[in-house]
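Trainee: Have a look at the structure that comes next, please.
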Amino acid sequence: TDEIMQQEIRPLVAVDIIEQLHRQFAILSGGRGKDGAPIITFPEFAGFSDIPDEDFLNVVTYLTSIPSLEAASIGFIIIIDRRRDKWSAVKASLTRIAGAFPGNLQLVFVLRPSRFIQRAIADIGIKLYRDDFKMKVPIIMLNSVSDLHGYIDKSQLTRELGGTLEYGHSQWIHHRTAIENFAMTVKTTAQMLQTFGTDLAETELPNDVQCTEDLLSAHTDHHSKLKDELKLAVKQGATLLTCIREPVTRSANSKLSPDELENVATVERLLAQLDETEKAFDQFWTKHHLKLEQCLQLRHFEHDFREVKLALDNLMEAQAAFADIGDSVTRVEQLLREQKQLEEKGQEPLEKAQSLALHGEQLIQNNHYAVDSIRPKCVELRRICDDFTNETKKKYDILGKSLELHKQLDKASQWCEAGIYLLASQAVDKCQSQEGAETALVEIEKFLVTAKEYQLSNLKEFYNQFDMILTPEIKANAQRILQKLEDVQEMFDKRQVSLKKLAAKQTRPVQPVAPHPESSPKRASPKITRPA
(Lines give C-alpha, C1' and ligand atoms only; values in the text may rest on other atoms or scores of the structure.)
Protein backbone atom coordinates (compact mmCIF):
# COMPACT_ATOMS: atom_id res chain seq x y z
CA THR A 1 0.00 0.00 0.00
CA ASP A 2 2.83 2.38 0.86
CA GLU A 3 4.44 1.78 -2.54
CA ILE A 4 1.16 2.49 -4.33
CA MET A 5 0.67 5.68 -2.35
CA GLN A 6 4.22 6.80 -3.13
CA GLN A 7 3.61 6.20 -6.82
CA GLU A 8 0.39 8.20 -6.65
CA ILE A 9 1.90 11.23 -4.98
CA ARG A 10 5.15 11.23 -6.94
CA PRO A 11 5.23 14.31 -9.22
CA LEU A 12 5.43 13.92 -12.96
CA VAL A 13 8.85 14.06 -14.54
CA ALA A 14 9.82 14.56 -18.16
CA VAL A 15 10.81 10.96 -18.75
CA ASP A 16 7.28 9.83 -17.79
CA ILE A 17 5.70 11.81 -20.64
CA ILE A 18 8.67 12.13 -22.97
CA GLU A 19 6.69 11.14 -26.08
CA GLN A 20 3.90 13.61 -25.36
CA LEU A 21 6.42 16.40 -24.77
CA HIS A 22 8.15 15.71 -28.05
CA ARG A 23 4.82 16.28 -29.89
CA GLN A 24 5.19 19.94 -28.87
CA PHE A 25 1.50 20.83 -28.69
CA ALA A 26 2.29 22.96 -25.59
CA ILE A 27 5.58 24.57 -24.56
CA LEU A 28 7.03 26.53 -21.67
CA SER A 29 9.45 28.75 -23.58
CA GLY A 30 10.81 30.55 -20.53
CA GLY A 31 9.30 33.92 -21.41
CA ARG A 32 7.53 36.03 -18.79
CA GLY A 33 4.89 38.72 -18.79
CA LYS A 34 5.61 42.23 -17.62
CA ASP A 35 4.66 41.25 -14.05
CA GLY A 36 6.73 38.04 -14.19
CA ALA A 37 3.89 35.70 -15.07
CA PRO A 38 5.11 32.50 -16.84
CA ILE A 39 4.01 32.08 -20.46
CA ILE A 40 2.71 28.78 -21.82
CA THR A 41 2.34 28.69 -25.58
CA PHE A 42 0.08 26.39 -27.58
CA PRO A 43 1.72 26.48 -31.04
CA GLU A 44 -0.11 25.58 -34.23
CA PHE A 45 -0.76 21.86 -34.02
CA ALA A 46 -2.90 20.14 -36.63
CA GLY A 47 -4.05 17.24 -34.47
CA PHE A 48 -4.74 19.19 -31.28
CA SER A 49 -8.30 17.86 -31.06
CA ASP A 50 -7.05 14.28 -31.33
CA ILE A 51 -4.75 14.50 -28.32
CA PRO A 52 -6.08 12.21 -25.57
CA ASP A 53 -7.35 14.01 -22.50
CA GLU A 54 -4.84 12.19 -20.27
CA ASP A 55 -1.89 13.24 -22.45
CA PHE A 56 -3.12 16.82 -22.55
CA LEU A 57 -3.64 16.95 -18.79
CA ASN A 58 -0.22 15.37 -18.07
CA VAL A 59 1.68 17.79 -20.29
CA VAL A 60 -0.12 20.89 -19.01
CA THR A 61 0.21 19.72 -15.40
CA TYR A 62 3.92 19.11 -15.91
CA LEU A 63 4.51 22.51 -17.54
CA THR A 64 2.71 24.36 -14.73
CA SER A 65 4.82 22.53 -12.13
CA ILE A 66 8.15 23.81 -13.50
CA PRO A 67 8.13 27.55 -12.62
CA SER A 68 8.82 28.53 -9.04
CA LEU A 69 5.92 28.83 -6.63
CA GLU A 70 6.46 32.57 -6.55
CA ALA A 71 6.14 32.86 -10.35
CA ALA A 72 3.23 30.40 -10.56
CA SER A 73 1.30 32.33 -7.91
CA ILE A 74 1.22 35.38 -10.23
CA GLY A 75 -0.78 33.38 -12.72
CA PHE A 76 0.01 31.93 -16.13
CA ILE A 77 -0.32 33.69 -19.45
CA ILE A 78 -1.53 31.45 -22.25
CA ILE A 79 -0.86 32.18 -25.92
CA ILE A 80 -2.89 30.12 -28.40
CA ASP A 81 -1.53 30.36 -31.94
CA ARG A 82 -4.27 29.40 -34.42
CA ARG A 83 -3.39 31.74 -37.30
CA ARG A 84 -3.48 28.92 -39.85
CA ASP A 85 -6.46 27.15 -38.40
CA LYS A 86 -10.23 27.50 -38.26
CA TRP A 87 -12.56 28.88 -35.68
CA SER A 88 -13.51 25.35 -34.69
CA ALA A 89 -9.88 24.77 -33.63
CA VAL A 90 -9.90 27.96 -31.56
CA LYS A 91 -13.12 26.93 -29.89
CA ALA A 92 -11.83 23.40 -29.19
CA SER A 93 -8.59 24.76 -27.71
CA LEU A 94 -10.34 27.23 -25.44
CA THR A 95 -12.85 24.61 -24.32
CA ARG A 96 -10.09 22.07 -23.48
CA ILE A 97 -7.91 24.61 -21.66
CA ALA A 98 -10.83 25.97 -19.66
CA GLY A 99 -11.83 22.47 -18.59
CA ALA A 100 -8.40 21.00 -17.78
CA PHE A 101 -5.86 23.73 -17.05
CA PRO A 102 -4.50 22.94 -13.55
CA GLY A 103 -2.77 26.26 -12.86
CA ASN A 104 -3.83 29.78 -11.97
CA LEU A 105 -4.67 31.72 -15.14
CA GLN A 106 -4.10 35.42 -15.63
CA LEU A 107 -4.61 36.10 -19.35
CA VAL A 108 -5.40 34.19 -22.52
CA PHE A 109 -4.18 35.52 -25.84
CA VAL A 110 -5.56 34.01 -29.05
CA LEU A 111 -3.91 34.65 -32.41
CA ARG A 112 -7.04 34.16 -34.48
CA PRO A 113 -7.19 32.58 -37.95
CA SER A 114 -5.63 34.81 -40.58
CA ARG A 115 -8.08 33.99 -43.34
CA PHE A 116 -10.80 36.61 -43.66
CA ILE A 117 -13.80 34.32 -43.38
CA GLN A 118 -12.39 32.37 -40.39
CA ARG A 119 -11.45 35.65 -38.67
CA ALA A 120 -14.99 36.93 -39.04
CA ILE A 121 -16.40 33.67 -37.73
CA ALA A 122 -13.98 33.83 -34.80
CA ASP A 123 -15.08 37.36 -33.94
CA ILE A 124 -18.70 36.30 -33.88
CA GLY A 125 -17.92 33.01 -32.08
CA ILE A 126 -15.96 34.56 -29.25
CA LYS A 127 -18.84 36.90 -28.51
CA LEU A 128 -21.41 34.11 -28.62
CA TYR A 129 -19.50 31.40 -26.72
CA ARG A 130 -17.40 33.46 -24.25
CA ASP A 131 -19.57 32.32 -21.34
CA ASP A 132 -19.40 28.71 -22.48
CA PHE A 133 -15.60 28.65 -21.98
CA LYS A 134 -16.11 29.15 -18.25
CA MET A 135 -12.97 31.26 -17.98
CA LYS A 136 -12.80 33.89 -15.28
CA VAL A 137 -9.92 35.61 -17.01
CA PRO A 138 -9.86 37.88 -20.05
CA ILE A 139 -9.62 36.25 -23.48
CA ILE A 140 -7.91 38.68 -25.84
CA MET A 141 -8.29 38.00 -29.56
CA LEU A 142 -5.34 39.27 -31.60
CA ASN A 143 -5.07 39.78 -35.33
CA SER A 144 -1.26 39.52 -35.50
CA VAL A 145 1.93 39.06 -33.50
CA SER A 146 2.36 42.83 -33.67
CA ASP A 147 -0.74 43.16 -31.54
CA LEU A 148 0.78 40.60 -29.13
CA HIS A 149 3.92 42.73 -28.81
CA GLY A 150 1.78 45.44 -27.31
CA TYR A 151 1.13 43.18 -24.35
CA ILE A 152 4.35 41.14 -24.07
CA ASP A 153 7.89 42.29 -24.76
CA LYS A 154 9.57 40.75 -27.82
CA SER A 155 12.46 39.50 -25.66
CA GLN A 156 10.00 37.20 -23.87
CA LEU A 157 8.55 35.73 -27.10
CA THR A 158 10.01 33.07 -29.37
CA ARG A 159 10.84 33.73 -33.00
CA GLU A 160 7.62 32.03 -34.10
CA LEU A 161 5.81 34.85 -32.32
CA GLY A 162 8.05 37.58 -33.70
CA GLY A 163 10.24 37.69 -30.60
CA THR A 164 13.94 37.27 -29.92
CA LEU A 165 13.84 34.62 -27.20
CA GLU A 166 16.04 31.65 -28.11
CA TYR A 167 14.17 28.42 -27.63
CA GLY A 168 14.95 24.88 -28.81
CA HIS A 169 12.39 22.31 -27.79
CA SER A 170 14.74 19.31 -27.97
CA GLN A 171 17.33 21.12 -25.90
CA TRP A 172 14.64 22.13 -23.42
CA ILE A 173 13.54 18.50 -23.03
CA HIS A 174 17.19 17.46 -22.67
CA HIS A 175 17.76 20.03 -19.92
CA ARG A 176 14.57 19.07 -18.10
CA THR A 177 15.40 15.34 -18.14
CA ALA A 178 18.98 16.08 -17.10
CA ILE A 179 17.87 18.29 -14.20
CA GLU A 180 15.33 15.75 -13.03
CA ASN A 181 17.83 12.91 -13.39
CA PHE A 182 20.31 14.91 -11.36
CA ALA A 183 17.67 15.62 -8.72
CA MET A 184 16.92 11.90 -8.57
CA THR A 185 20.66 11.16 -8.33
CA VAL A 186 21.00 13.59 -5.43
CA LYS A 187 18.00 12.03 -3.70
CA THR A 188 19.21 8.47 -4.29
CA THR A 189 22.72 9.33 -3.15
CA ALA A 190 21.41 10.97 0.00
CA GLN A 191 19.27 7.89 0.68
CA MET A 192 22.26 5.59 0.15
CA LEU A 193 24.36 7.67 2.53
CA GLN A 194 21.56 7.71 5.08
CA THR A 195 21.09 3.94 4.82
CA PHE A 196 24.83 3.35 5.14
CA GLY A 197 24.98 5.74 8.09
CA THR A 198 22.13 3.87 9.80
CA ASP A 199 23.88 0.55 9.20
CA LEU A 200 27.08 1.97 10.66
CA ALA A 201 25.29 3.34 13.71
CA GLU A 202 23.62 -0.02 14.36
CA THR A 203 26.78 -2.06 13.85
CA GLU A 204 27.99 -3.92 16.94
CA LEU A 205 31.74 -3.79 17.45
CA PRO A 206 33.43 -7.23 17.11
CA ASN A 207 35.28 -8.88 19.97
CA ASP A 208 38.34 -10.14 18.13
CA VAL A 209 41.05 -8.76 15.89
CA GLN A 210 40.16 -10.60 12.68
CA CYS A 211 36.46 -9.72 12.70
CA THR A 212 37.30 -6.11 13.48
CA GLU A 213 39.78 -5.96 10.60
CA ASP A 214 37.20 -7.50 8.25
CA LEU A 215 34.51 -5.04 9.37
CA LEU A 216 36.85 -2.07 9.03
CA SER A 217 37.87 -3.21 5.55
CA ALA A 218 34.25 -3.77 4.45
CA HIS A 219 33.07 -0.41 5.77
CA THR A 220 36.06 1.39 4.24
CA ASP A 221 35.37 -0.21 0.83
CA HIS A 222 31.70 0.74 1.03
CA HIS A 223 32.66 4.27 2.04
CA SER A 224 35.04 4.55 -0.91
CA LYS A 225 32.33 3.43 -3.34
CA LEU A 226 29.87 5.96 -1.94
CA LYS A 227 32.50 8.69 -2.19
CA ASP A 228 32.96 7.73 -5.85
CA GLU A 229 29.18 7.98 -6.32
CA LEU A 230 29.29 11.42 -4.74
CA LYS A 231 32.09 12.55 -7.02
CA LEU A 232 30.16 11.34 -10.07
CA ALA A 233 27.02 13.14 -8.87
CA VAL A 234 28.93 16.39 -8.33
CA LYS A 235 30.53 16.03 -11.75
CA GLN A 236 27.11 15.41 -13.28
CA GLY A 237 25.70 18.55 -11.65
CA ALA A 238 28.67 20.68 -12.68
CA THR A 239 28.39 19.48 -16.29
CA LEU A 240 24.66 20.18 -16.31
CA LEU A 241 25.25 23.67 -14.93
CA THR A 242 27.77 24.32 -17.69
CA CYS A 243 25.29 23.16 -20.34
CA ILE A 244 22.54 25.43 -19.03
CA ARG A 245 24.88 28.42 -18.93
CA GLU A 246 26.33 27.60 -22.34
CA PRO A 247 24.50 30.36 -24.28
CA VAL A 248 25.83 33.05 -21.94
CA THR A 249 29.31 31.54 -22.10
CA ARG A 250 29.21 31.44 -25.88
CA SER A 251 27.98 35.00 -26.34
CA ALA A 252 28.36 37.91 -23.97
CA ASN A 253 25.19 39.49 -25.39
CA SER A 254 23.05 36.48 -24.55
CA LYS A 255 20.92 36.36 -21.45
CA LEU A 256 19.32 33.41 -19.77
CA SER A 257 15.55 33.36 -19.65
CA PRO A 258 13.85 33.42 -16.23
CA ASP A 259 13.10 29.71 -16.54
CA GLU A 260 16.75 29.01 -17.39
CA LEU A 261 17.82 31.11 -14.42
CA GLU A 262 15.49 29.01 -12.29
CA ASN A 263 17.11 25.89 -13.77
CA VAL A 264 20.50 27.25 -12.78
CA ALA A 265 19.21 28.00 -9.29
CA THR A 266 17.74 24.48 -9.07
CA VAL A 267 21.01 22.80 -10.05
CA GLU A 268 23.02 25.03 -7.72
CA ARG A 269 20.61 24.21 -4.91
CA LEU A 270 20.98 20.49 -5.64
CA LEU A 271 24.76 20.82 -5.70
CA ALA A 272 24.67 22.69 -2.39
CA GLN A 273 22.43 19.99 -0.97
CA LEU A 274 24.86 17.37 -2.23
CA ASP A 275 27.76 19.24 -0.67
CA GLU A 276 25.99 19.51 2.68
CA THR A 277 25.10 15.82 2.53
CA GLU A 278 28.70 14.92 1.78
CA LYS A 279 30.02 17.07 4.62
CA ALA A 280 27.57 15.54 7.08
CA PHE A 281 28.45 12.07 5.84
CA ASP A 282 32.20 12.78 6.06
CA GLN A 283 31.78 14.05 9.59
CA PHE A 284 29.85 10.95 10.59
CA TRP A 285 32.29 8.65 8.78
CA THR A 286 35.27 10.28 10.48
CA LYS A 287 33.76 9.49 13.88
CA HIS A 288 32.75 5.97 12.87
CA HIS A 289 36.10 5.21 11.23
CA LEU A 290 37.92 6.49 14.31
CA LYS A 291 35.75 4.27 16.49
CA LEU A 292 36.50 1.24 14.30
CA GLU A 293 40.23 2.01 14.35
CA GLN A 294 40.11 2.43 18.12
CA CYS A 295 38.20 -0.83 18.36
CA LEU A 296 40.93 -2.54 16.32
CA GLN A 297 43.58 -0.94 18.54
CA LEU A 298 41.70 -2.20 21.59
CA ARG A 299 41.41 -5.75 20.21
CA HIS A 300 45.14 -5.79 19.42
CA PHE A 301 45.87 -4.44 22.90
CA GLU A 302 43.66 -7.06 24.53
CA HIS A 303 45.23 -9.85 22.45
CA ASP A 304 48.76 -8.71 23.31
CA PHE A 305 47.74 -8.29 26.95
CA ARG A 306 46.56 -11.90 27.17
CA GLU A 307 49.83 -13.15 25.66
CA VAL A 308 52.04 -10.96 27.86
CA LYS A 309 49.99 -11.71 30.96
CA LEU A 310 50.37 -15.46 30.36
CA ALA A 311 54.14 -15.08 29.98
CA LEU A 312 54.34 -12.96 33.15
CA ASP A 313 52.21 -15.43 35.10
CA ASN A 314 54.53 -18.28 34.06
CA LEU A 315 57.51 -16.15 35.04
CA MET A 316 56.03 -15.38 38.45
CA GLU A 317 55.21 -19.08 38.98
CA ALA A 318 58.81 -19.99 38.15
CA GLN A 319 60.03 -17.35 40.56
CA ALA A 320 57.64 -18.50 43.29
CA ALA A 321 58.91 -22.07 42.88
CA PHE A 322 62.45 -20.77 43.31
CA ALA A 323 62.39 -21.01 47.15
CA ASP A 324 65.64 -22.90 47.89
CA ILE A 325 68.37 -20.79 49.53
CA GLY A 326 71.05 -23.49 49.34
CA ASP A 327 72.82 -25.64 51.94
CA SER A 328 76.39 -25.07 50.77
CA VAL A 329 78.54 -22.58 48.93
CA THR A 330 78.43 -24.69 45.78
CA ARG A 331 74.65 -25.03 45.94
CA VAL A 332 74.10 -21.31 46.57
CA GLU A 333 76.39 -20.40 43.67
CA GLN A 334 74.36 -22.76 41.46
CA LEU A 335 71.13 -21.12 42.66
CA LEU A 336 72.56 -17.68 41.88
CA ARG A 337 73.32 -18.84 38.34
CA GLU A 338 69.80 -20.22 38.00
CA GLN A 339 68.36 -16.96 39.34
CA LYS A 340 70.43 -15.05 36.79
CA GLN A 341 69.08 -17.29 34.01
CA LEU A 342 65.50 -16.70 35.21
CA GLU A 343 66.14 -12.96 35.29
CA GLU A 344 67.53 -13.02 31.74
CA LYS A 345 64.62 -15.17 30.61
CA GLY A 346 62.22 -12.63 32.08
CA GLN A 347 63.73 -9.64 30.29
CA GLU A 348 61.77 -10.14 27.07
CA PRO A 349 58.30 -10.53 28.64
CA LEU A 350 59.07 -7.67 31.04
CA GLU A 351 60.08 -5.40 28.17
CA LYS A 352 56.96 -6.42 26.25
CA ALA A 353 54.81 -5.71 29.28
CA GLN A 354 56.38 -2.27 29.81
CA SER A 355 56.02 -1.48 26.11
CA LEU A 356 52.39 -2.62 26.09
CA ALA A 357 51.62 -0.55 29.19
CA LEU A 358 53.19 2.47 27.51
CA HIS A 359 51.12 1.80 24.39
CA GLY A 360 47.97 1.57 26.51
CA GLU A 361 48.76 4.91 28.15
CA GLN A 362 49.22 6.45 24.70
CA LEU A 363 45.78 5.14 23.70
CA ILE A 364 44.33 6.78 26.81
CA GLN A 365 46.08 10.07 26.01
CA ASN A 366 44.59 9.89 22.49
CA ASN A 367 41.07 9.88 24.01
CA HIS A 368 40.33 6.21 23.35
CA TYR A 369 36.72 5.34 24.07
CA ALA A 370 37.67 2.26 26.15
CA VAL A 371 39.72 4.05 28.82
CA ASP A 372 37.98 2.12 31.63
CA SER A 373 39.12 -1.16 30.08
CA ILE A 374 42.67 -0.13 29.14
CA ARG A 375 43.81 1.68 32.30
CA PRO A 376 43.38 -1.29 34.75
CA LYS A 377 45.35 -3.54 32.39
CA CYS A 378 48.21 -1.02 32.23
CA VAL A 379 48.22 -0.83 36.04
CA GLU A 380 48.25 -4.63 36.31
CA LEU A 381 51.14 -4.99 33.84
CA ARG A 382 53.27 -2.48 35.72
CA ARG A 383 52.41 -4.09 39.05
CA ILE A 384 53.49 -7.54 37.89
CA CYS A 385 56.73 -6.10 36.45
CA ASP A 386 57.44 -4.33 39.74
CA ASP A 387 56.60 -7.49 41.72
CA PHE A 388 59.00 -9.57 39.63
CA THR A 389 61.75 -6.97 39.88
CA ASN A 390 61.32 -6.56 43.63
CA GLU A 391 61.10 -10.30 44.21
CA THR A 392 64.21 -10.85 42.09
CA LYS A 393 66.11 -8.27 44.14
CA LYS A 394 64.91 -9.95 47.32
CA LYS A 395 66.06 -13.36 46.02
CA TYR A 396 69.47 -11.95 45.18
CA ASP A 397 69.74 -10.40 48.64
CA ILE A 398 68.80 -13.64 50.38
CA LEU A 399 71.08 -15.80 48.22
CA GLY A 400 73.88 -13.29 48.63
CA LYS A 401 73.59 -13.44 52.39
CA SER A 402 73.20 -17.20 52.27
CA LEU A 403 76.38 -17.42 50.21
CA GLU A 404 78.20 -15.20 52.68
CA LEU A 405 76.91 -17.29 55.60
CA HIS A 406 78.03 -20.57 54.04
CA LYS A 407 81.42 -19.13 53.17
CA GLN A 408 81.86 -17.99 56.78
CA LEU A 409 80.71 -21.38 58.06
CA ASP A 410 83.17 -23.10 55.72
CA LYS A 411 85.95 -20.78 56.85
CA ALA A 412 85.03 -21.39 60.48
CA SER A 413 85.05 -25.15 59.92
CA GLN A 414 88.39 -24.95 58.12
CA TRP A 415 89.76 -22.75 60.93
CA CYS A 416 88.64 -25.28 63.51
CA GLU A 417 90.30 -28.12 61.63
CA ALA A 418 93.51 -26.11 61.28
CA GLY A 419 93.42 -25.24 64.99
CA ILE A 420 92.95 -28.84 66.01
CA TYR A 421 95.78 -29.83 63.74
CA LEU A 422 98.01 -27.13 65.27
CA LEU A 423 97.28 -28.25 68.80
CA ALA A 424 97.86 -31.85 67.90
CA SER A 425 101.14 -31.06 66.17
CA GLN A 426 102.69 -29.38 69.24
CA ALA A 427 104.93 -32.10 70.76
CA VAL A 428 104.63 -32.33 74.53
CA ASP A 429 108.34 -32.92 75.14
CA LYS A 430 109.27 -29.79 73.25
CA CYS A 431 106.92 -27.66 75.36
CA GLN A 432 108.64 -28.62 78.64
CA SER A 433 111.35 -26.08 78.17
CA GLN A 434 110.83 -22.36 78.48
CA GLU A 435 111.83 -21.89 74.89
CA GLY A 436 109.51 -24.66 73.74
CA ALA A 437 106.57 -23.31 75.72
CA GLU A 438 107.08 -19.79 74.48
CA THR A 439 107.41 -21.01 70.90
CA ALA A 440 104.11 -22.89 71.25
CA LEU A 441 102.43 -19.82 72.75
CA VAL A 442 103.61 -17.68 69.85
CA GLU A 443 102.23 -20.22 67.37
CA ILE A 444 98.88 -20.20 69.12
CA GLU A 445 98.73 -16.42 69.31
CA LYS A 446 99.54 -16.13 65.60
CA PHE A 447 96.87 -18.64 64.80
CA LEU A 448 94.29 -16.89 66.97
CA VAL A 449 94.99 -13.64 65.10
CA THR A 450 93.71 -15.29 61.90
CA ALA A 451 90.27 -15.58 63.51
CA LYS A 452 89.93 -11.80 63.19
CA GLU A 453 91.02 -11.94 59.55
CA TYR A 454 88.23 -14.41 58.87
CA GLN A 455 85.75 -12.25 60.83
CA LEU A 456 84.92 -15.17 63.02
CA SER A 457 84.21 -12.88 65.95
CA ASN A 458 80.91 -11.79 64.23
CA LEU A 459 79.84 -15.21 63.05
CA LYS A 460 77.32 -15.84 65.77
CA GLU A 461 75.80 -12.43 65.29
CA PHE A 462 75.75 -13.03 61.51
CA TYR A 463 73.99 -16.36 62.04
CA ASN A 464 71.39 -14.81 64.37
CA GLN A 465 70.60 -12.30 61.60
CA PHE A 466 69.46 -15.13 59.29
CA ASP A 467 67.77 -17.26 61.90
CA MET A 468 64.27 -16.64 60.43
CA ILE A 469 65.07 -17.72 56.85
CA LEU A 470 67.36 -20.71 57.41
CA THR A 471 66.18 -24.26 56.97
CA PRO A 472 66.39 -26.74 59.86
CA GLU A 473 69.27 -28.55 58.14
CA ILE A 474 71.29 -25.34 57.71
CA LYS A 475 70.50 -24.33 61.26
CA ALA A 476 71.73 -27.67 62.59
CA ASN A 477 74.91 -27.44 60.50
CA ALA A 478 75.55 -23.84 61.57
CA GLN A 479 74.97 -24.72 65.23
CA ARG A 480 77.34 -27.68 64.95
CA ILE A 481 80.07 -25.48 63.46
CA LEU A 482 79.50 -22.75 66.03
CA GLN A 483 79.69 -25.30 68.80
CA LYS A 484 82.85 -26.72 67.32
CA LEU A 485 84.25 -23.20 67.09
CA GLU A 486 83.56 -22.66 70.79
CA ASP A 487 85.13 -26.00 71.65
CA VAL A 488 88.26 -25.25 69.68
CA GLN A 489 88.45 -21.79 71.19
CA GLU A 490 88.21 -23.35 74.64
CA MET A 491 90.96 -25.82 73.75
CA PHE A 492 93.21 -22.94 72.74
CA ASP A 493 92.39 -21.08 75.92
CA LYS A 494 93.35 -24.10 78.07
CA ARG A 495 96.48 -24.75 76.05
CA GLN A 496 97.54 -21.12 76.47
CA VAL A 497 97.03 -21.34 80.26
CA SER A 498 99.11 -24.50 80.50
CA LEU A 499 101.90 -23.16 78.32
CA LYS A 500 102.05 -19.92 80.26
CA LYS A 501 102.45 -21.91 83.52
CA LEU A 502 105.24 -23.95 82.00
CA ALA A 503 107.00 -20.85 80.76
CA ALA A 504 106.64 -19.24 84.21
CA LYS A 505 108.20 -22.23 86.02
CA GLN A 506 111.19 -22.22 83.78
CA THR A 507 111.99 -18.60 84.54
CA ARG A 508 112.86 -19.25 88.31
CA PRO A 509 116.67 -18.76 89.17
CA VAL A 510 118.57 -22.08 89.63
CA GLN A 511 121.89 -22.40 91.58
CA PRO A 512 124.34 -23.98 89.24
CA VAL A 513 125.84 -27.17 90.75
CA ALA A 514 128.56 -29.17 89.19
CA PRO A 515 127.15 -32.50 88.29
CA HIS A 516 128.61 -35.52 89.95
CA PRO A 517 129.55 -38.13 87.53
CA GLU A 518 127.99 -40.83 89.51
CA SER A 519 124.74 -38.98 89.83
CA SER A 520 124.22 -37.86 86.21
CA PRO A 521 122.49 -40.96 84.94
CA LYS A 522 120.22 -40.97 87.96
CA ARG A 523 118.79 -37.35 87.51
CA ALA A 524 115.05 -37.35 87.70
CA SER A 525 112.85 -35.47 85.21
CA PRO A 526 110.61 -32.64 86.57
CA LYS A 527 106.90 -33.28 86.71
CA ILE A 528 104.90 -31.75 83.84
CA THR A 529 101.17 -31.07 84.08
CA ARG A 530 99.62 -31.81 80.72
CA PRO A 531 96.77 -29.61 79.65
CA ALA A 532 93.35 -31.08 79.52
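Trainee: Need one number: nm distance between label points at Ala252 and Glu19, each 7 Å from Cα along Cα→Cβ, rounded to one decimal.
Mentor: 4.8
Trainee: Based only on Cα atoms, what mean projected area does the convex hull of region 250-336 have, in nm²? Mind showing how you got there, number by number?
Mentor: Numbers: hull surface 49.2 nm².
Across all orientations, region 250-336 yields a mean hull projection of 12.3 nm².
Trainee: Relative contact order for region 318-440: what percent, with Cα pairs under 8 Å and sequence separation of 6 or more?
Mentor: Once normalised by length, the contact order is 31 percent.
Trainee: Which lysines, on any chain, are close to Lys401 with Cα under 25 Å apart, when same-chain ones fewer than 8 places away are left out?
Mentor: Filter leaves Lys340, Lys345, Lys393, Lys411, Lys452, Lys460, Lys475, Lys484.
Trainee: Also: Hand me the trypsin sites (Lys or Arg not before Pro) from region 20-101 located in a DSSP loop with no more than 15 other Cβ atoms within 10 Å, in residue order please.
Mentor: For trypsin sites (Lys or Arg not before Pro) across region 20-101 that sit outside H, G, I, E and B with at most 15 neighbouring Cβ atoms in 10 Å, the list reads Lys34, Arg84, Lys86.
Trainee: Compare Cys416, Cys243 by solvent-accessible area with a 1.4 Å probe and give them largest first, with all protein chains kept in place.
Mentor: Putting Cys416, Cys243 in descending order of accessible area: Cys243, Cys416.
Trainee: Rounded to the nearest 5, what % of DSSP beta bridges with both residues in the chain are antiparallel?
Mentor: 10
Trainee: Under 4 °C and 1.567 mPa s, how fast does region 304-403 diffuse according to Stokes-Einstein, given a Kirkwood radius computed over C-alpha pairs? Answer in µm²/s, whole number. Please list the in-between numbers first.
Mentor: Values: Rh = 14.8 Å.
Answer from the Stokes-Einstein relation: 88 µm²/s.
Trainee: Using only Cα atoms, find the angle between the long axis of helix 53-65 and the longest principal axis of the chain, and express it within 0 to 90 degrees, rounded to the nearest 10.
Mentor: It works out to around 60 degrees.
Trainee: OK, next. Going toward the positive end of the dipole of the chain, with +1 on Lys and Arg Cβ and -1 on Asp and Glu Cβ, which of Met316, Val497, Ser155 do you reach last?
Mentor: Result: Val497, furthest along the dipole toward the positive end.
Trainee: Relative contact order of the chain, please, whole-number percent, based on alpha carbon pairs below 8 angstrom and at least 6 residues apart.
Mentor: Working: 492 pairs, mean separation 50.0, N = 532.
Value for the chain: 9 percent.
Trainee: Measuring with a 1.4 Å probe in the full set of protein chains, what accessible area per residue, in whole Å², belongs to region 407-503?
Mentor: With the other protein chains kept in place, region 407-503 gives 60 Å² per residue.
Trainee: Okay, next question. Loop only by DSSP, 16 or fewer other Cβ within 10 Å of the Cβ. Give me the GluC sites (Glu not before Pro) in region 176-253 that pass, ordered by residue number.
Mentor: When the GluC sites (Glu not before Pro) of region 176-253 are filtered for loop state and at most 16 Cβ neighbours within 10 Å, Glu204 remain.
Trainee: Report, please, the projected area of region 397-456 averaged over directions, based on the convex hull of its C-alpha atoms, in nm².
Mentor: 4.0
Trainee: Per DSSP helix of 4 or more residues, -39500 (n - 2.57); summed, then divided by the residues of the chain. What does that give at 222 nm, rounded to the nearest 500?
Mentor: Roughly -23500 deg cm²/dmol at 222 nm, from the helical runs in the chain.
Trainee: Give me the extension gain from Gln283 to Ser146: residue separation times 0.36 nm, minus the current Cα-Cα distance, reported in nm with one decimal.
Mentor: Separation in residues times 0.36 nm, less the Cα-Cα distance, equals 43.3 nm.
Trainee: Residue-wise, which Karplus ³J(HN,Hα) couplings in Hz belong to region 317-331, taking 6.51 cos²θ - 1.76 cosθ + 1.60, θ = phi - 60°, and x for glycine or proline?
Mentor: 5, 5, 5, 5, 6, 8, 9, 5, 10, x, 10, 7, 4, 4, 5
Trainee: In addition: What value does region 174-297 have for Rg/Rh, both radii from Cα atoms and Rh as Kirkwood defines it?
Mentor: Rounded to two decimals, Rg over Rh is 1.17.
Trainee: Please report Rg (one decimal) and Dmax (integer) in Å for the Cα set of the chain.
Mentor: 59.6, 208
Trainee: Which shape class, rounded, prolate or oblate, goes with region 407-503 when its Cα gyration tensor gives a ≥ b ≥ c as root eigenvalues, a/c under 1.5 marks rounded, and past that a/b bigger than b/c marks prolate?
Mentor: Taking the square roots of the gyration eigenvalues as a ≥ b ≥ c, region 407-503 is prolate.
Trainee: Another question, if that's okay. Can you work out the accessible area per residue across region 174-297, with the rest of the protein chains kept in place, probe 1.4 Å, in square angstrom? Could you put the intermediate results ahead of the total?
Mentor: Numbers: 7110 Å² over 124 residues.
For region 174-297, the per-residue accessible area is 57 Å².
Trainee: Of Thr471, Ile39, Val145, which is farthest towards the positive pole of the chain's charge dipole, taken about the Cα centre with +1 and -1 on the beta-carbons of Lys, Arg and Asp, Glu respectively?
Mentor: Sorting the options by dipole projection puts first Thr471.
Trainee: For region 304-403, which whole percent of the accessible surface, found with a 1.4 angstrom probe, sits on carbon and sulfur atoms?
Mentor: On the way: 2860 of 5770 Å².
Percent of accessible area from carbon and sulfur atoms in region 304-403: 50.
The values are calculated or read from the model by the stated rules, or taken from the named source; none is laboratory data. All values derive from a computational prediction rather than experimental measurement. We place every Cβ from the backbone using ideal geometry, glycine too, and count neighbours over all the protein chains shown. In case anyone asks, the SASA skips ligands and DNA or RNA and just uses the protein heavy atoms, side chains included. Shrake-Rupley method; radii C 1.70, N 1.55, O 1.52, S 1.80 Å.
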